[in-house]
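So the structure is just underneath, and the comments pick up after that.
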Amino acid sequence: MITERSLYRLRILSTLLKEGEIPISLVARESRLRFDIAKREIAEMERKGLVEILDSGRVKLVRINMTNRKVIILRNLIEELEDL
């Protein structure tokens, strides 16, 4: 079942696939989500192994975990949809 939270996560993952490794604040802005929602969803996705959070001092960077099978499937699906 598609929930509002799963749509948030899809927007975040899509942003990360396009942008690469970026700060949480930029993920929120590019995904058009409030910062607190983006931060909560990113933390949940980190627990599930979909993303990695890198602590570089003041700024926390987020990147996609390209070793996760689900992420690879999603990336391939998005690439196919963009080709339509």
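The values are calculated or read from the model by the stated rules, or taken from the named source; none is laboratory data. These numbers come from a predicted model, not from an experiment. Glycine also receives a Cβ, built like all others from the backbone with ideal geometry; neighbour counts cover every protein chain displayed.
Summary table below
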quantity: Test: residue in the stretch 45-64 that is within 17 Å of GLY20 (Cα to Cα) and in a helix (DSSP H, G or I); calculated: yes
quantity: Filter result for the condition that a residue is within 11 Å of the chain's Cα centre (by Cα), under 23 Å from ARG69 (Cβ atoms), surrounded by fewer than 17 Cβ atoms within 10 Å (Cβ to Cβ) and not basic (Lys, Arg), over ILE53, ILE42; calculated: ILE53
quantity: Test result for LEU74, surrounded by 14 or more Cβ atoms within 10 Å (Cβ to Cβ), touching a residue at least 60 places away in the same chain (Cβ under 8 Å) and not in a loop (DSSP other than H, G, I, E, B); calculated: yes
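Okay, residues lined up against (1) modelled with pLDDT under 95; (2) farther than 18 Å from ARG5 by Cβ:
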residue	(1), (2)
ARG34	no, no
LYS39	no, no
GLY49	no, no
ILE53	no, yes
ARG58	yes, yes
VAL62	no, no
LYS70	yes, no
ARG75	yes, yes
